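Everything on this sheet refers to the single structure shown next.
Nothing in this text is a laboratory measurement; each read-out follows from the coordinates by a stated rule. In this text the structure is predicted, and so the values were computed from the model without any measurement. In this analysis, Cβ positions are derived from the backbone assuming ideal geometry, glycine residues included, and neighbour counts consider all displayed protein chains.
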Amino acid sequence: MSTIKKEMLVDPTRIKNASGISETELDHAINDVIKKVKRNIVKLGETFPDSSTINNTYATAKNVEWTPGFWTGILWLCYENSHEEVFRKLAEKNVESFYDRIKNQVDVNHHDLGFLYIPSCVAAYKLTGNELGKKAALMAADKLMERYNPKGKFIQAWGNIGDSDNYRLIVDAMLNIPLLYWAYKETGNTDYLEVVKNHYATTLKYAIREDGSAYHTFFFDPVSGEPLGGKTRQGYSDDSSWARGQAWLIYGIALNYSRLHDDSDIDTFESVTNYFLNRLPKDFVSYWDLIFSDGDYQSKDSSATAIAVCGMNQMQRFLNPDSELFPIYEKAQSVMLHNLVESYTDEKTQGITALLNHGVYSWHSGHGVDEGNLWGDYFYLEALTRFKQNNNWNMYW
Ligand code: GLY
């Protein structure tokens, strides 16, 4: 465990002087998304888009892997923004598919159950009282609970429970564990609460380095439960900071703070956020790892920036309006979103199109490099929706 020394923002003036998103641009961007999603629906029918594009075009996929919940979440967000039944009807059909998936245990032996079931089924229940969505999401929460390791006090992301080669937590889980807060709220069962609080505390203790940067994954000894060390899977190296991992932490801390209101987390939030903001390149959209900057000829990961905007927007509700950082964080969200809208949303295909271009799924495997991806699309639209609803969006997470 390290004591975090918060980096100050290196150049707040750069953020203050940059252009943010205007109301007209926001409305245009939301209308553009709605138009594109409608066209995608015609091409997809009841299938799902694949996790990332190939040559900027999504192939169709079944309800497998960790990303289809984002498609259903996009449908719910389109429904919230437009009130058009076409989005609600398809989202409800998708909920049936998610229920079948958890009932039949199709590709659910991993921790990504929050990514799958929150924007799809929890959203359905919150927005429309969909009881099947509630049932499916509670079943998914119980499945997630099975991955908890009491010795290490964390939810194991991948592999068989207790396996030494996978006895680790990963920062991405910060967006999966809110499923347990929701399950606790719906059922009153405190087991959910205990697990989510323990996992969160273990993540904060070990995944964040002294300078506010983050490990992607952190290993423990399966026999003693003792911490072993950080390793990356999707970042550049074990000691660099994978941009999306840093963004999962920004949003994850905001989501946990929204429930626990532990004020000691505010400093941690500001540390990981400043680390991210200090490494944004000229156009305020991060490269896929924060070790890179302009001139390194690397790909951007637009999804990391969209996730960071949503996380900062969530936390803004709880920050002291009189603090020095408050107006800068507020402006930074607007600047990042403006740059995403302006330079990352060109339509590049006649096929099933991404909403946000230039993301990176996995640089090491060459999968989805400089392509669109479903979570980038989702968080981009969530960010637009948060702005449209004046930072009062009733979140799915
Ligand atoms: N959770 C997997 C990823 O962010 O790529």
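For E65 and K6, calculate 0.36 nm times their separation in residues minus their Cα-Cα distance, and state this gained length in nm to one decimal.
Extra length available between E65 and K6 comes to 17.6 nm.
What residue among L249, L319, L381 shows peak mean-square fluctuation when the chain is described by a Gaussian network model with Cα springs under 10 Å?
L319
Just to be sure I understand: with springs between alpha-carbon atoms less than 10 Å apart, which residue in P68, P119, P327 has the highest mean-square fluctuation in the Gaussian network model of the chain?
So, out of P68, P119, P327, the one fluctuating most is P327.
Which whole-Hz ³J(HN,Hα) couplings does the range 244-253 yield from phi under the Karplus relation 6.51 cos²θ - 1.76 cosθ + 1.60, θ = phi - 60°, glycine and proline marked x?
Running phi through 6.51 cos²θ - 1.76 cosθ + 1.60 with θ = phi - 60° gives 5, x, 4, 5, 4, 5, 4, 5, x, 5 Hz.
From Cα pairs below 8 angstrom and at least 6 apart in sequence, can you work out the relative contact order of the range 188-256, rounded to a whole percent?
It rounds to 23 percent for the range 188-256.
How far, in nm, would the chain grow between E186 and K93 when pulled straight, counting 0.36 nm per residue and subtracting the alpha carbon separation?
31.2 nm
Under the classification rounded if a/c is under 1.5, otherwise prolate if a/b is larger than b/c and oblate if not, where does the chain fall, given a ≥ b ≥ c as square roots of the Cα gyration tensor eigenvalues?
rounded
If r is the Cβ-Cβ distance from D100 to S224 and R0 is 41 Å, what FRET efficiency results, to the nearest 0.05?
E(calc), rounded to 0.05, equals 0.50.
Residue by residue, what Karplus-based ³J(HN,Hα) values in Hz, rounded to whole numbers, does the range 177-192 have, using 6.51, -1.76 and 1.60 with θ = phi - 60° and x for Gly and Pro?
For the range 177-192, the Karplus curve yields 5, x, 4, 6, 4, 5, 4, 4, 5, 6, 10, x, 6, 6, 4, 4 Hz.
Zone of S365 (label point 7 Å along Cα→Cβ, backbone N under 17 Å): which residues in the range 291-314?
No residue passes the distance filter.
Order 58-67, 352-361, 371-380 from most to least packed using the mean count of other Cβ atoms within 10 Å.
371-380, 352-361, 58-67
How much length is gained if the chain between E210 and D322 is pulled fully straight, taking 0.36 nm per residue apart and subtracting their Cα-Cα distance, in nm to one decimal?
Here the segment from E210 to D322 would lengthen by 37.6 nm.
At a threshold of 8 angstrom on Cα-Cα distance, excluding pairs fewer than six apart, so keeping six or more, what relative contact order does the range 66-169 reach in percent?
The value is 25 percent.
Please name whichever of L319, W393, V309 sits farthest to the positive end of the charge dipole of the chain, dipole taken about the Cα centre and charges placed at Cβ: Lys and Arg +1, Asp and Glu -1.
W393
Once you've got the GNM for the chain with C-alpha springs shorter than 10 Å, pick whichever of N166, N274, N104 has the biggest mean-square fluctuation.
Evaluated over the chain, the most mobile residue of the options is N104.
Give me the percent relative contact order of the chain, please, defined on Cα pairs under 8 angstrom at least 6 residues apart.
21
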